[in-house]
Amino acid sequence: MRWKGSYTVEAAFVIPIVLGVVFVLLYALFWVHDQCVLQANIQNGLIQYSDTGEELPTNEEWKRTLQQNLWMGNVTETAISHKRTVWRGQAKLESVWQNDLTAIFFADSQNSVYCLEWDEQQPSDIVRFRRKGESDDRD
């Protein structure tokens, strides 16, 4: 039997496919990680600014704050605003992954836009006033 070389030929086909699938999964996990971190950074920033009453940051400061702990994405556009009691933060996340294998499954670049709002007036902060003669039956 002359099958000794067949394992080498099979491995030459199987190993690149397995490694390609692993790389695509890693890419997808990195992308999901960056999306979650960016959303959390926006929310934490809005809560911080609404609680402390600090001045609104410039776009560059806001971009640096949002860029923290991202693995492969870049924050390209940012905006933060405050109107009455609502804080609004917005960011655009872009990731360019120059890999021919991931281009089969994904585009050359991935883009996401996040817009979150934080209301300064939380329901727990609102005081309910009773009318004269009205009792509180919640106790």
- Filter region 50-73 down to residues that are in contact with a strand residue (DSSP E or B) (Cβ under 6 Å, 6 or more places away or on another chain), surrounded by 13 or more Cβ atoms within 10 Å (Cβ to Cβ) and not small (Gly, Ala, Ser) and give me whichever is farthest from Val96 (Cα to Cα). Trp62
- Message: Just to verify a result, which residue in region 1-58, among those that are small (Gly, Ala, Ser) and in a loop (DSSP other than H, G, I, E, B), is farthest from Val86 (Cα to Cα)?
- Response: Gly5
- Residues of region 84-94 being more than 13 Å from Leu46 (Cβ to Cβ) and at pLDDT 80 or above, which ones? Lys92, Leu93, Glu94
- Filtering region 29-66 for residues that are touching a residue at least 40 places away in the same chain (Cβ under 8 Å) and aliphatic (A, V, I, L, M) leaves a count of 4
- Any residue at all in region 67-76 that is at pLDDT 80 or above and assigned to a helix (DSSP H, G or I)? yes
- Confirm whether Ser112 is modelled with pLDDT of 75 or more and in contact with a Lys or Arg (Cβ under 9 Å, 6 or more places away or on another chain). yes
- region 67-89, residues that are touching an Asp or Glu at 6+ places or on another chain (Cβ under 8 Å) and without any contact (Cβ under 8 Å) to a residue 24 or more places away in the chain: Asn74, Thr76
- Note on the structure: Among (1) modelled with pLDDT of 80 or more; (2) at positive phi; (3) exposed (fewer than 11 other Cβ atoms within 10 Å of the Cβ), Val32 falls short only on (2)
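The values are calculated or read from the model by the stated rules, or taken from the named source; none is laboratory data. What you are looking at is a predicted structure, and each value in this text was computed from that prediction instead of being measured. Cβ atoms come from the backbone with ideal geometry, glycine included; neighbour counts cover every protein chain shown.
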